[in-house]
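**Student:** Quick one: the structure is below, questions incoming.
FYI, it's all coordinate maths here, none of it is from the lab. Not measured: the values here are computed from a predicted model. Note: ideal-geometry Cβ built from the backbone for every residue, glycine included; neighbour counts use all protein chains shown.
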Amino acid sequence: MKIYNEYKSEFIEIIRNYSEDYYYPSVNIEIKIKTGIIEAIIDSIWIERENIEAFIDSLKLLDESRKGRAILEGMSPERFKMELIGIDDSGHLGIGIRIEDENFSGTGYNNVIQTGFTTDSGLIPILISDLKSIITNH
């Protein structure tokens, strides 16, 4: 699943690594981010399948109204958050992502990536389809 800005110069890509179905229904994903100043690969984020399903439901509402927001959080919400936001009355959307990981260097600073960009609202049905594949692909 790849979410581009309108010029296809920036993106957030989510790749399904594997899932845990028996003990705690969840999916492990890899995230690739490229913007004007950031290029990053985060190789492991766990998301509850229930959170992805709720995000899909929120995306459907956002697709209908182009108002509000749809939020996806990881199993550790402080570690991963991504949201699509209706940003104006014309139906334009923004996407924001925040990823944080502990840094045990003793400096008191964690590794944090936070960025966002505008994207095409026509992308929502594709995202819904891709997310359904992520949670059902075994």
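**Student:** Remind me, relative contact order of the range 2-136 in percent, using alpha carbon pairs under 8 angstrom and six or more residues apart?
**Tutor:** With pairs under 8 Å counted, the relative contact order is 18 percent.
**Student:** Just checking my list (i) 32, 15, 10; (ii) 23, 20, 13; (iii) 48, 14, 11 against semi-axes √(5λ) of the Cα gyration tensor in Å computed from this structure; which label fits?
**Tutor:** (ii)
**Student:** Just order 38-45, 66-73 by mean Cβ neighbour count inside 10 Å, highest at the front, would you?
**Tutor:** By packing density, highest mean first, the sequence is 66-73, 38-45.
**Student:** If we count every other residue with Cβ under 10 angstrom of I124's Cβ, Lys/Arg +1 and Asp/Glu -1, where does the sum land?
**Tutor:** -1
**Student:** Can you spot the lysines whose alpha carbon is less than 21 Å from K132's alpha carbon? Ignore those fewer than 8 places along the same chain.
**Tutor:** Candidates past the 8-residue exclusion: K2, K32, K60, K81.
**Student:** Spin-label point model (7 Å from Cα, Cβ direction): what's the Y7 to E64 distance in nm?
**Tutor:** With each label point 7 Å from Cα toward Cβ, the separation is 3.6 nm.
**Student:** With each label point set 7 Å from Cα along the Cα-Cβ vector, what nm distance links E39 and E100?
**Tutor:** Simple spin-label model gives 2.8 nm for this pair.
**Student:** I want the local charge near I87. Using Cβ-Cβ distances under 15 Å, sum +1 for each Lys or Arg and -1 for each Asp or Glu among the other residues.
**Tutor:** Numbers: positive: R66, K67, R69; negative: E6, D63, E83, D88, D89, D120.
Local charge sum for I87: -3.
**Student:** Report, in debye and to the nearest 20, how large the dipole of the chain comes out about its Cα centre when Lys and Arg carry +1 and Asp and Glu carry -1 on their Cβ.
**Tutor:** Numbers: 14 positive and 24 negative charges, 47 e Å.
Computed charge dipole of the chain: roughly 220 debye.
**Student:** What is the local net charge at M75, summed over the other residues whose Cβ is closer than 11 Å to its Cβ (Lys, Arg +1; Asp, Glu -1)?
**Tutor:** Result for the local shell: -3.
**Student:** Taking the simple approach of a point 7 Å from Cα along Cα-to-Cβ for both I128 and D57, what is their distance in nm?
**Tutor:** Using points 7 Å along Cα→Cβ, the separation is 1.4 nm.
**Student:** Could you work out the longest stretch of the chain that avoids the chymotrypsin sites (Phe, Trp or Tyr not before Pro) located in DSSP loops with at most 10 other Cβ atoms within 10 Å?
**Tutor:** My reading of the result: 24-103 is the longest stretch.
**Student:** With a 10 Å Cβ neighbour count serving as the proxy for reagent exposure, in which order, fewest first, do I33, I97 appear? Can you show the working numbers first?
**Tutor:** Numbers: I33 17, I97 21.
Starting with the residue having the fewest Cβ neighbours, the order is I33, I97.
**Student:** Please enumerate, by chain and number, the aspartates and glutamates with C-alpha under 15 Å from the C-alpha of K67, excluding those fewer than 8 residues away in the same chain.
**Tutor:** Answer for K67, where 15 Å is the Cα cut-off: D57, E83, D88, D89, D120, listed by chain and number.
**Student:** Mean residue ellipticity at 222 nm from the helices of the chain, using -39,500 (n - 2.57) per DSSP H segment of n ≥ 4 over the full residue count, to the nearest 500 deg cm²/dmol?
**Tutor:** -7000 deg cm²/dmol
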